[in-house]
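Participant: Attaching a single structure in structure tokens format; questions to follow.
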Amino acid sequence: MVLLSTLFFAAAVSAKCYETSIAHPLPDLDPQDAVLKHAFATIDKALKRVIDVPEFASTSFSVEITSSKETLWSRYHTARERNASRPDIPEVNGDALFRIASISKTFTVLGILFQHEAGNLSLDDPVDKYIKELRESDPIPWKDITLRSLASQLSGIPRECRTGEILGCITELGT
């Protein structure tokens, strides 16, 4: 996951952004718009139904929908049944932090696919083309692992692989 996040960051740095125009306007939504209010009420009702289901008694969540200017709608829920062995916060609110876990893979791969479609990278490029620090690491043959195999989770690298070194790469890329 960390490696995919790094690749997404590398792809995003070279991403082509469109200037705001009639074809690509900034989102400018009014939270008082009747259609949006109806949509948010529908989402709220569905979430309340889920909250009441016993099998989700140990589930917490935070949902927020924003425009380019403001929060349009948000809903927070703290689980009724808490796991006493896991540290957490007493109440989920807008400041709650969550581990994003595997959901980041979806967005990272989507970003890589967009960059591939735009011609900014090839899915058959080796990972170490974008993260040069991996060329010096061992025992993983990064030169043989492509973006395609990494994105499809068929690269063969173990979970939590050399996390310290990879996190170091991310820190360097971010500065």
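The values are calculated or read from the model by the stated rules, or taken from the named source; none is laboratory data. Keep in mind that what you see is a predicted model, and the values were worked out from it rather than measured. Cβ sites come from the backbone with ideal geometry, for glycine too, and all protein chains shown count toward neighbours.
Participant: Mind counting the residues in the range 99-115 that are in contact (Cβ under 8 Å) with a residue 12 or more places away in the chain and loosely packed, with under 11 Cβ neighbours inside 10 Å?
Facilitator: Counting residues in the range 99-115 that are in contact (Cβ under 8 Å) with a residue 12 or more places away in the chain and loosely packed, with under 11 Cβ neighbours inside 10 Å gives 2.
Participant: Restricted to the range 141-175, and to residues that are assigned to a helix (DSSP H, G or I) and of a type in the set (Lys, Arg), which residue is modelled with the highest pLDDT?
Facilitator: Checked the range 141-175; the qualifying residue modelled with the highest pLDDT is 148.
Participant: So, of the residues in the range 118-140 that are in contact with a strand residue (DSSP E or B) (Cβ under 8 Å, 6 or more places away or on another chain) and free of Cβ contacts under 8 Å to residues at least 24 places away in the same chain, which turns out to be nearest to residue 155 (Cα to Cα)?
Facilitator: The residue in question is 126.
Participant: Could I ask something else about it? Among the residues of the range 62-94, which ones are hydroxyl-bearing (Ser, Thr, Tyr) and either surrounded by 10 or more Cβ atoms within 10 Å (Cβ to Cβ) or in contact with a helix residue (DSSP H, G or I) (Cβ under 6 Å, 6 or more places away or on another chain) (or both)?
Facilitator: 62, 66, 67, 68, 71, 74, 76, 78 - these are the residues of the range 62-94 that are hydroxyl-bearing (Ser, Thr, Tyr) and either surrounded by 10 or more Cβ atoms within 10 Å (Cβ to Cβ) or in contact with a helix residue (DSSP H, G or I) (Cβ under 6 Å, 6 or more places away or on another chain) (or both).
Participant: Can you tell me which residues in the range 102-140 are on the phi > 0 side of the Ramachandran plot and at pLDDT below 85?
Facilitator: Residues satisfying the conditions do not exist here.
Participant: With within 30 Å of residue 20 (Cβ to Cβ) and of a type in the set (Asp, Glu) as the only criterion, which of 55, 81, 64 stands out?
Facilitator: Checking each option against the conditions leaves just 64.
Participant: Given the options 29, 36, name the one that is touching a strand residue (DSSP E or B) at 6+ places or on another chain (Cβ under 7 Å), over 30 Å from residue 129 (Cα atoms) and modelled with pLDDT of 90 or more.
Facilitator: 36
Participant: Would you check which residues across the range 42-60 are surrounded by 12 or more Cβ atoms within 10 Å (Cβ to Cβ) and either touching a Ser or Thr at 6+ places or on another chain (Cβ under 9 Å) or of a type in the set (Ser, Thr, Tyr) (or both) and list them?
Facilitator: 50, 51, 59, 60
Participant: Scan the range 62-87 for residues that are more than 28 Å from residue 38 (Cα to Cα) and free of Cβ contacts under 8 Å to residues at least 24 places away in the same chain and jot them down.
Facilitator: The answer is 84, 85, 86, 87.
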